[in-house]
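Down below is the structure, laid out as structure tokens.
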Amino acid sequence: MADSGKKLVRSKSGLRMVSVEDRDSSPFQLEEPHWVPDVQCLACAKCGSKYDLVKRRHHCRRCGKCFCGQCCSSKVPLPRMNFVDPVRMCEECAVVSKKENEFFDKQLKLLVNGSNFTLKSNELENDKAEAFCHLSANHRSLFFSEEKPDRENNRPSKWVHDPVNLTSIQEVKIQTAGNETNQRNAVITSMSIKYRYIDESRDLLLFVSDDYSRKTASSWIIAMQKAMKMLQPTMELPTS
């Protein structure tokens with residue numbers, strides 16, 4: 001077992017490093033697809049070529065459909081399914097996976113590392129509070145603490161706000177200031193999060209401070225928006 005709470009398993013698609021407990025699995029994780037049975041794979045799903053002794057069938061590890069070697073030649077990392085090594089994919093799935101891998105390589109790490117914000121919420125004792133916000137290691141919850149936790153010395157920090165489950169978030173909205181006609185020049189000022197708590201909706205505002213943390217906080221907010229798009233593809237994420 002390479003990591004605490006992880007185990008190495010072998011599937012027909014390859015080696016996967018998965019959580020021991022389902023409750024610790026990342027919400028970004030995708031289940032392995034059911035492979036189309038060989039008896040139903042008479043021709044390539046992309047080019048329509050018939051299979052024979054020379055032209056063999058291959059299953060895409062992401063969609064499970066059958067393709068010929070030419071249409072399923074890419075081997076791409078697939079962290080959303082926890083594969084240890086790059087796996088074979090069809091052209092369409094390879095394009096999607098490469099775009100997602102940028103999120104896993106950059107934005108997801110940024111979310112876990114966290115940033116400083118000023119919080120505003122009715123759930124806070126004084127309505128506003130300074131907090132360090134970061135995504136949990138299993139990607140399931142947002143934590144809000146007084147300062148950045150000292151993980152090396154296993155020294156936690158006091159919570160400022162109750163954790164927010166990532167899958168309970170209903171909407172995120174970015175607020176900007178500056179040139180309304182040119183979004184590239186717009187400055188991110190805050191992000192609002194609407195989330196479900198038991199049987200009610202609650203709102204939380206994260207304000208970007210005008211200090212050394214601005215760049216990191218702005219990048220964190222953009223990464224958070226991308227995370228929500230990945231979790232909820234049909235979700236509308238407005239910017240104002």
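Every read-out reported here was derived from the displayed coordinates using simple, explicitly stated rules and does not represent laboratory data. All values derive from a computational prediction rather than experimental measurement. For neighbour counting, all protein chains shown are included, and Cβ atoms are generated from backbone atoms with ideal geometry for every residue, glycine included.
Of the set (1) assigned to a loop (DSSP other than H, G, I, E, B); (2) surrounded by 15 or more Cβ atoms within 10 Å (Cβ to Cβ); (3) under 17 Å from the mean Cα position of the chain (by Cα); (4) not hydroxyl-bearing (Ser, Thr, Tyr), all apply to residue 30 but (2).
A quick yes/no check of all residues on (1) in contact with a helix residue (DSSP H, G or I) (Cβ under 7 Å, 6 or more places away or on another chain); (2) more than 30 Å from residue 167 (Cα to Cα):
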| site | (1), (2) |
| --- | --- |
| 18 | no, no |
| 22 | no, no |
| 28 | yes, no |
| 36 | no, yes |
| 46 | yes, yes |
| 56 | no, yes |
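For the subset of the stretch 33-73 comprising residues that are over 28 Å from the mean Cα position of the chain (by Cα) and of a type in the set (A, V, I, L, M), which member is surrounded by the most Cβ atoms within 10 Å (Cβ to Cβ)? So, considering only residues that are over 28 Å from the mean Cα position of the chain (by Cα) and of a type in the set (A, V, I, L, M), the one surrounded by the most Cβ atoms within 10 Å (Cβ to Cβ) is 45.
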